[in-house]
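Participant: The structure under discussion is supplied below as structure tokens; questions concerning it will follow.
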Amino acid sequence: MKTTSLSQTIAAVALLTLPTFGYAQDSVKESKWTITPRAGLTISTLTGDDGDVDAYDTRLGFGGGIEAEYHFNKTIGLSLGAFYTKQGAKLNMEMLVAAKDISSDEMTPGDIPYTLHQVSGGKNRAHYNVADYAGEYDYVARIYDIKAALGYINIPLMLNVHLPLHLPVSVTAKAGTQLDILLSAKDKGKQQTYITGTYGSSNYTSPSLKGDMKDFGFSVPVGLAVSYKSIELDARYLWNVTDINDVEKVDGGEPGKQHNSTFLITLGYNFNL
């Protein structure tokens, strides 16, 4: 009787323990790492307090990097990433650079003392004509199709909620915080020139503007991802919450506040570790 009673007790304990053991095994299996390389594009513009809503248009750029996600369970995950993104905007403006007593055709606007005119009237602004100034100046350059070209390293920390929607594809909602590190800042565009009787055209790149901008900032990334097997399409909006201009470094007056406004759309491949 004692043997039978002991056997029954062991069997009962085993039956009670098996579900717990099975749950522990499932938890270990579900708590895993995923590494996801991503590449795609940015759709960006600038916002600010200059009052001119027509001053900027969107520009396309590259965005890509890698993220590592730790899955606490089937629903919740936490990811840390590193991305390179091109941000900024198209500027609805033109510049006219003009100078006298210039004899070399190798001079650039950054090398010479000049007279600068700027038109910023939105999409329907007036356009300069280089020939109109050729009689008065030895050097004239019309700079147009200007883009504020900003390059960043972004480090997002994201909370990922894998929604239990029972669809052929899986859907994940994402939100978090992001450190933005400024790598480069220049204006790029095209230019028409008149130099001592000769007309020409070329691409334009300004000297670095990084010294007038903050080296670090913060954004709030929010978005959705759709996955099929190991392929994931990720779309997120990067809400820049810090002013990108560094007022203390700017000479000749205080600039208005500006913020990046960027959509990052990438295609990635999930590698389970």
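Participant: Of the peptides 154-160, 169-175, how do they stack up when ordered by the mean number of other Cβ atoms within 10 Å, highest first?
Facilitator: 154-160, 169-175
Participant: Beyond 18 Å between alpha-carbons counts as too far, so tell me which of 86/214; 147/186; 174/257; 210/257; 100/190; 190/210 fall in that bin. Can you show the working numbers first?
Facilitator: Values: 86/214 16 Å; 147/186 8 Å; 174/257 28 Å; 210/257 16 Å; 100/190 22 Å; 190/210 21 Å.
Pairs exceeding the cut-off: 174/257; 100/190; 190/210.
Participant: Spin-label point model (7 Å from Cα, Cβ direction): what's the residue 184 to residue 230 distance in nm?
Facilitator: 3.3 nm
Participant: Please give the net charge around residue 86, taking every other residue with its beta carbon less than 12 angstrom from that of residue 86, where Lys and Arg add +1 and Asp and Glu add -1.
Facilitator: +4
Where a number appears in this text, it was derived from the coordinates with a stated rule and is not lab data. Because the structure is predicted, anything quoted here is derived from the model rather than measured. Because the Cβ atoms are built from the backbone with ideal geometry, glycine has one as well, and the counts that use them run over all protein chains shown.
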